[in-house]
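Beneath this line is the structure, given in structure tokens, with notes to follow.
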Amino acid sequence: GEVRGLLWDDIQDDMIVVPKDRMKAGKEHRVPITPQMREHLDSLPRFKGCDLLFPSNRMGQISDMTMKAAMRRCGLGQYTPHGWRSSFSDWANREGYRREYVEDALAHVVGNAVERAYRRGDFLEHRQELMADWADYLFSTYSA
């Protein structure tokens, strides 16, 4: 849902910032932009009167089925958008990244109320390396 609802205003310099009102956990989510993401973002067309990065033909939010169809057309039909999240978690944990970095990258709420009260950061600087490595892995594995 965060990707389908992504707005051009969510792109802020070297990160994507999804406001808390559009996040399931009700907390702002920051995503470091990798060089591959930047190249893709810079290649996207902008449609007059539509603030969405990935609009439907009617300039509204695309559906889950549209995402699935796009993945199928790209030769990734055996995957689902949510499956990519699971694959990311498996890969990052296998690569030895700290659990906190991985869970923050996925915007998961982790720990009990006391732990969350004392943990105010989102490990953005550490997640920059994590996301760059994930992008490198994806491009080396899935590029033609």
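Each value in this text was obtained by applying a stated rule to the coordinates, not by laboratory testing. Model, not experiment: these values are computed from the prediction. No Cβ is skipped: glycine too gets one built from the backbone with ideal geometry, and neighbour counts run over all protein chains shown.
Of the peptides 57-69, 24-36, the ranking by mean beta-carbon count within 10 Å, highest at the top, reads 24-36, 57-69. Residue-wise HN-Hα couplings along segment 23-37, as the Karplus relation 6.51 cos²θ - 1.76 cosθ + 1.60 with θ = phi - 60° gives them from phi, are 10, 4, 7, x, 10, 3, 10, 10, 10, x, 8, 7, x, 5, 5 Hz; Gly and Pro carry x. When +1 charges are put on Lys and Arg Cβ atoms and -1 charges on Asp and Glu Cβ atoms, the dipole computed for the chain relative to its Cα centre reaches about 620 debye.
Whole-Hz Karplus values for segment 50-60 come out as 9, 8, 6, 6, 10, x, 6, 4, 9, 6, x Hz, taken residue by residue from phi with 6.51 cos²θ - 1.76 cosθ + 1.60 and θ = phi - 60°; glycine and proline positions read x. Amide H to amide H, with H built 1.01 Å from N, Gln61 comes under 5 Å of Ser56, counting only residues 5 or more places away or on other chains.
Which chymotrypsin sites (Phe, Trp or Tyr not before Pro) does segment 47-84 hold that lie in a coil by DSSP with at most 13 other beta carbons within 10 Å? Those that pass, being in a loop and sparsely packed, are Phe47. Near the amide H of Arg4, within less than 5 Å, lie no amide hydrogens of residues on another chain or at least 5 residues away, with H placed in the peptide plane. Rounded to the nearest Hz, the phi-derived 3J(HN,Hα) couplings of segment 64-79 under the Karplus curve 6.51 cos²θ - 1.76 cosθ + 1.60 (θ = phi - 60°) are 4, 5, 5, 4, 4, 5, 5, 5, 4, 5, 8, x, 10, x, 7, 10, where x marks glycine and proline.
Convex hull volume of the Cα atoms of segment 8-142, normalised per residue: 134 Å³. Calculated mean residue ellipticity at 222 nm for the chain: -13500 deg cm²/dmol, from DSSP H runs with n ≥ 4 weighted as -39500 (n - 2.57), summed, divided by the residue count and rounded to 500.
When the GluC sites (Glu not before Pro) in segment 40-144 are filtered for DSSP coil states and for at most 14 other beta-carbon atoms within 10 Å of their beta-carbon, the remaining sites are Glu95. Modelled spin-label separation between Trp91 and Leu124, with each label point placed 7 Å from Cα along the Cα-to-Cβ direction: 2.4 nm.
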